[in-house]
Amino acid sequence: MEPRMNLFDHEIGTKIGKRIFAVSQVIQESPLPKPTQELVQLRASQINGCGFCVDIHGKDAAAAGETSARLNLVATWRHSSVFTEAERAALALTESGTRIIDGYEGVSDETWAEVRKHFDDDQVIGLVSLIAMINATNRLGVILNNQGGAYEPGNLATIAV
């Protein structure tokens with residue numbers, strides 16, 4: 001299957017892509033732990049079926065030192081022992097925030113309380129913004145039929161320039 005269009009082949013697409021990347025950079029620079037950021041992006045991308053983003057975040061996390069055991073278990077995090085309580089809270093928020101339309105109640109008070117127990121205000125802002133942004137980029141990737149498999153770790157910045 002071929003991509004339907006390259007966002008960056010068009011002036012408006014390039015502008016949008018650069019702004020999405022700029023927001024993502026602010027989130028990356030937030031105090032939200034980097035491993036948590038990659039796990040959240042990987043899990044949302046799995047849920048949304050975005051092979052392009054799964055490829056990016058799985059490879060970037062591995063290149064940053066994430067273990068294969070943790071990467072392989074992200075999709076089944078509730079049934080694994082390799083994630084911290086803080087990471088589990090972030091993954092629960094990711095799933096709730098990603099599956100809003102799937103008949104879920106949205107983000108439960110219990111999930112929110114767990115997140116607040118483990119993350120300060122700046123980290124929560126980073127986490128909520130990250131979940132929103134990865135869902136937006138997943139939708140772009142799926143709608144445009146961007147394929148996973150060819151990404152080289154660390155090259156995300158070159159995609160958006």
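Tabulated values for the structure
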quantity	calculated
Helices (runs of 4 or more DSSP H) contained in region 89-161 and holding at least 2 residues over 22 Å from Lys18 (Cβ atoms)	109-118, 121-143
Those residues of region 55-85 which are among the small types (Gly, Ala, Ser), without any contact (Cβ under 8 Å) to a residue 60 or more places away in the chain, assigned to a helix (DSSP H, G or I) and surrounded by fewer than 19 Cβ atoms within 10 Å (Cβ to Cβ), in sequence order	Ser68, Ala69, Ala75
Any hit, region 89-99, residues being within 25 Å of Gln25 (Cβ to Cβ), touching a His at 6+ places or on another chain (Cβ under 6 Å) and surrounded by 11 or more Cβ atoms within 10 Å (Cβ to Cβ)	yes
Qualifying positions in region 92-145 - within 18 Å of Gly49 (Cβ to Cβ) and of a type in the set (Lys, Arg)	Arg99, Arg139
Enumeration of residues in region 1-38 that are under 14 Å from the mean Cα position of the chain (by Cα) and closer than 18 Å to Arg139 by Cα	Ile20, Phe21, Val23, Ser24, Glu38
Exclusive hit being out of contact with any strand residue (DSSP E or B) (no Cβ under 8 Å at 6 or more places or on another chain), under 16 Å from Glu38 (Cα atoms) and at pLDDT 95 or above, set Ala113, Ala69	Ala69
Subset tally (residues that are over 25 Å from Gly13 (Cα atoms) and in contact (Cβ under 8 Å) with a residue 24 or more places away in the chain) for region 104-144	10
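The values are calculated or read from the model by the stated rules, or taken from the named source; none is laboratory data. A quick note: this is a predicted structure, and the numbers were derived from the prediction, not measured. Because the Cβ atoms are built from the backbone with ideal geometry, glycine has one as well, and the counts that use them run over all protein chains shown.
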